[in-house]
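Notes to accompany the following structure.
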Amino acid sequence: MTTDQPTVVPTTVPAPRPAPPGPGPAAAPRSRFLARAFGVTAVLSAAGSALGLLRDLLLARYFGANQGTDAFLVAWTVPETAAPLLIEDAMSFLMVPAFALALVLREERPDGPDPVRQVVRATLPWLLLALTTLSLGAALGAPQLVDLLAPGLADPRLAVTCTRITAITVLPFGVAGYLAAALRAHHRFTAPAGIYVAYNLGILVVLLSCHALWGVRSAAIGVALGSLLMAGLLIGPFLRALRTGPGRAARARRSRNALVLIPLALLPVGAFTLTRQAQVFIERYLGSGLPPGTISHLNYAAKVSQLAMTAGILICTVTFPLVARALAAGDLTAARDRVEKDLGQAAAVVLLGTAFLMACAPSVVALLFERGAFGPGDTAATAAVIRVYSFGLLAQALIGVMIRPYFSLRPVVRRAGDPSPDDGGRRLLDWYPAAAMALGLVVTVTVGLLATPRFGALGLAAGNAAGITTAAALLLRGLVLRGIPLRLRRVLGGQARLLAAAAGAAALGMPVAGLAADPLLSTVLGGLTVALAFATLGTVLGAHEVRGPVRAAVRVLGPVPDPSPVADEGKPPHGR
């Protein structure tokens, strides 16, 4: 494998190529494969989320919302930043397309050198060196980092100690993200979906056994242990995936020029991920000057709100390797159709969760957190923040869907035989997502500075929602500019129908949830009302992502009625 010169940055759409022959997951019925992969990923991700929720419940029970938890959450900024950068976002955006291209080349040239091993040899050693350096740098610079993130902390010593402990996570997080990207590109989803189960189990073990002895430091130590368990879980499956048959490894050593490494591809990806994560930095910075416990209220609210978004992101987590391989093969039509479907399905899942949170936030927070050191005042403050946060959940999910195909058009490697274009104007599109997020951050800071003095934590949440929505709108346009021909009228029409259904469901569910004083009963009544209203309104308004599951359920119970003209609005001709 060779390396491009720094001035060479390919950004054009890959030339069309015939679909690679041979067996593999693509040879099986696509819908069945996606259903199985999504099922496995959903179950294990739900288990990881449940354990993460239990982790947050124990944090609230043992430590409440005070100066100590604020100090830990400032230290948690390190793994919170490293996780999206090194596990799900930047690492995935870079390495899933790279491994997807290597697998396409492997299928095209079954008797040639193994491109997958070439990618590993060229990238993994440098990655380990960089991760080790970053981890040591974060530990040594912990005092300066805490002062930068939360200058308003009255006593930063506890935050510095916890930051030095959590700095360990950088190395195992990066290894876990790299191995997970390789496994997903091979259509192996079980082990990658289980990493957060291992992560949260490590935290819970230390938290349950040592919270009385070490206080909030036990949570930081648990985070470090959990990160090591994440990486360890993936090593075995990754090594098994590299076994490609006798003789291939020897041929790979003799030829290193099937793929060309593009090291500068990581810069715009890293810039996008950091600017996206900078919303958390802004909240911690502005929140450190508010009354003690504000940062904790924001954290608990974000954790509950993100459960709905995470469910929607699972869809594109499973389909991302399919999009990457379609783009690697030059099939833009298949990639576009998959992205449009992902946008609709993710929006349907996230908006259903958003409507539920809007209607039931007080009862959900009381049910989950109100015990021990977490009192009714904390419940009211956290529930109010959740409702404001919810306005930005759809945008968060849509960005997660759109950014994957955007960066897949410029993977970290390219074919050695492909032309290396030098079109400086179009190279600027590599930085479009980071620019969109930067403009979103400007909105976040502006709204936060204007609203925080009067509304406190609610002003910070409002800035978050406004900024991420701005970035999502810009990125939707950028995906078309990048070369994926989304049918924007169709996409926006589908989103509008889903938004209307979610708004109606929240409006109906809120008074029903208020009928019961018991948090469990209130949550159940409100949740059922929201689900039924969303299904009904989505079907009537013609939202395909809602109508399909509803008609499937009706088909089990009785004959399916003819679809209404409104329901068929926007349907492509010839049943496509």
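Rule-based calculations on the coordinates, nothing more; no lab input. Since the model is a prediction, treat every value here as computed from it, not as a measurement. With ideal geometry, Cβ positions are generated from the backbone for all residues, glycine too; neighbour counts draw on all protein chains shown.
Under a model in which nothing but the beta-carbon of Lys, Arg (+1) and Asp, Glu (-1) is charged, the stretch 468-552 shows a dipole of about 620 debye around its Cα centre. Within the stretch 40-98, the proportion of Cα pairs with more than 20 Å between them is 46 percent. Computed from Cα atoms alone, the Kirkwood hydrodynamic radius reported for the stretch 292-335 is 12.8 Å. Normalised by residue number, the volume inside the convex hull of the Cα atoms of the stretch 93-207 is 118 Å³ per residue.
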